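The values are calculated or read from the model by the stated rules, or taken from the named source; none is laboratory data. This one's a predicted model, so the numbers in the text were calculated from it and none came from an experiment. Please note: Cβ atoms are built from the backbone with ideal geometry, for glycine as well, and neighbour counts cover all protein chains shown.
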Amino acid sequence: MLIRELVRRFLIRQVDCGNRVTVLRALSVKPQPKSDLAEFREVFSKAKHIAIITGAGVSAESGLPTFRAASGHWRKWKTQDLATPQAFSRNSSLVWEFYHYWRELALKAKPSAVHLAIAECEARLRQQGRAVVVITQNTDELHRRAGSKHILEVHGSVFRTRCLSCGDVDVNHNSPICAALEGKGDSDPNCPDADIPVGNLPRCDEGGCDGLLRPDVIWFGETLDSHVLTKVEKELDACDLCLLVGTASVVFPAAMFAPQVASRGVPVAEFNIRPCSSTSPSTFYFQGPCAETIPLALAPHQSEPM
Ligand SMILES: [Zn+2]
């Protein structure tokens, strides 16, 4: 009896061990993302609904700093410490100086080859009854200026303001955004803070409200806009191809989106300057400057009507 029990336990351990080995084998044979452009182009040629998720690497192609990165700095501050509701209530002048600097940089920047290739792809595919949506975490509106029409800005835009009193959201491309910020916002660490009185910072002109305005962007510690997220979810559920450009599938917020798409068996293709993460759920991975890889990847096929 005892021997039979020992044998039974031994067999269970063996089976258990065997299962684990099988699982480990399955994990270890998870295919690495492919870098075969011709194969990607084949998939791309058949896709009817393409979601393109873009990140800071795309703005960097236009010479804009990656302020949301952990390494981002302005003057002597980490930008992650400035882009918070707490920083704004502590020192609205300083935060507005930073955003004024950012807005002026973005206004001077030009859409890169990546922005233009994505916009051109959307226009071309629309003629063929196919859809492209840009889901971007960038707030510089360069996709819009490049000509993209269907854009979801998950982190808002530095060219929109939101009133802290009445909640009104307004488009604002003024340069400078208010007289008191003219010539302010220098990023030099030795530049003195402007200490602008709060009454002279951007104010709401909606029906005599005069409330303090803030940039209509998502700050660290804030949740993403639920209306935008609902639209993103819908697009991700509908897409039959997903591209990640200038961002990684393992970095927030793309990390929320890419695995969801991949889990439906929809191909995900990453285009990034950094090496591929070992946990990437992507089917394709193209390492290198997006300004080189994306125009090639999204170019018209020879047989395709222009
Ligand atoms: Zn207002």
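Residues that are surrounded by 14 or more Cβ atoms within 10 Å (Cβ to Cβ), of a type in the set (Gly, Ala, Ser) and not assigned by TED's automatic domain parsing to the domain that holds SER282: does the stretch 227-247 have at least one?
First pass over the stretch 227-247, keeping only residues surrounded by 14 or more Cβ atoms within 10 Å (Cβ to Cβ): 228-229, 231-232, 235-236, 239-247.
Checking which are of a type in the set (Gly, Ala, Ser) leaves us with 246.
Of the ones still in play, those that are also not assigned by TED's automatic domain parsing to the domain that holds SER282 are none.
No, the stretch 227-247 contains no residue that is surrounded by 14 or more Cβ atoms within 10 Å (Cβ to Cβ), of a type in the set (Gly, Ala, Ser) and not assigned by TED's automatic domain parsing to the domain that holds SER282.
Which of the residues belonging to the stretch 199-229 are farther than 15 Å from PHE98 by Cα and within 16 Å of the ligand (Cβ to nearest atom)?
GLY199, ARG203, CYS204, ASP205, GLU206, GLY207, GLY208, CYS209, ASP210, GLY211, LEU212
With the requirement that a residue be surrounded by 12 or more Cβ atoms within 10 Å (Cβ to Cβ) and either free of Cβ contacts under 8 Å to residues at least 60 places away in the same chain or under 30 Å from the mean Cα position of the chain (by Cα) (or both), what does the stretch 183-195 give you? Please lay out each step first, then the result.
As a first pass, look at the stretch 183-195 and keep what is surrounded by 12 or more Cβ atoms within 10 Å (Cβ to Cβ): 184-187, 191, 194.
Those that are surrounded by 12 or more Cβ atoms within 10 Å (Cβ to Cβ) and either free of Cβ contacts under 8 Å to residues at least 60 places away in the same chain or under 30 Å from the mean Cα position of the chain (by Cα) (or both): LYS184, GLY185, ASP186, SER187.
Taking VAL132 and the conditions (1) part of a loop (DSSP other than H, G, I, E, B); (2) of a type outside the set (Phe, Trp, Tyr); (3) surrounded by 18 or more Cβ atoms within 10 Å (Cβ to Cβ), which numbered condition does it fall short on, given that it satisfies the others?
(1)
List every residue pair whose Cβ atoms lie under 7 Å apart, where the two residues are 6 or more positions apart in sequence or sit on different chains, the first residue falls within the stretch 154-165 and is part of a loop (DSSP other than H, G, I, E, B), and the second residue, located anywhere, is within 9 Å of the ligand (Cβ to nearest atom).
From the stretch 154-165, the pairs are LEU164/GLY211; LEU164/LEU212; SER165/CYS204; SER165/CYS209; SER165/GLY211.
Which of the residues spanning the stretch 40-76 are surrounded by fewer than 17 Cβ atoms within 10 Å (Cβ to Cβ) and more than 21 Å from the chain's Cα centre (by Cα)?
Across the stretch 40-76, the qualifying residues are ARG41, GLU42, VAL43, SER45, LYS46, LYS48, LYS76.
List every residue pair whose Cβ atoms lie under 8 Å apart, where the two residues are 6 or more positions apart in sequence or sit on different chains, the first residue falls within the stretch 127-144 and is in the same structural domain as SER59 (by TED's automatic domain parsing) and farther than 16 Å from LEU64 by Cα, and the second residue, located anywhere, is at pLDDT below 95 and in a helix (DSSP H, G or I).
ILE135/PHE257
Among the listed residues VAL232, VAL250, which satisfies the condition of being β-branched (Val, Ile, Thr), away from the ligand (no atom under 16 Å from the Cβ) and either touching a Pro at 6+ places or on another chain (Cβ under 8 Å) or modelled with pLDDT of 90 or more (or both)?
Numbers: VAL250 fails: either touching a Pro at 6+ places or on another chain (Cβ under 8 Å) or modelled with pLDDT of 90 or more (or both).
Going through VAL232, VAL250 in turn, just one is β-branched (Val, Ile, Thr), away from the ligand (no atom under 16 Å from the Cβ) and either touching a Pro at 6+ places or on another chain (Cβ under 8 Å) or modelled with pLDDT of 90 or more (or both): VAL232.
Residue pairs, Cβ under 7 Å, 6 or more apart or interchain, first in the stretch 196-225 and within 10 Å of LEU164 (Cα to Cα), second more than 9 Å from the ligand (Cβ to nearest atom) and in a loop (DSSP other than H, G, I, E, B). List them.
Short answer, once both residue conditions are applied: LEU212/LEU201; LEU213/PRO202.
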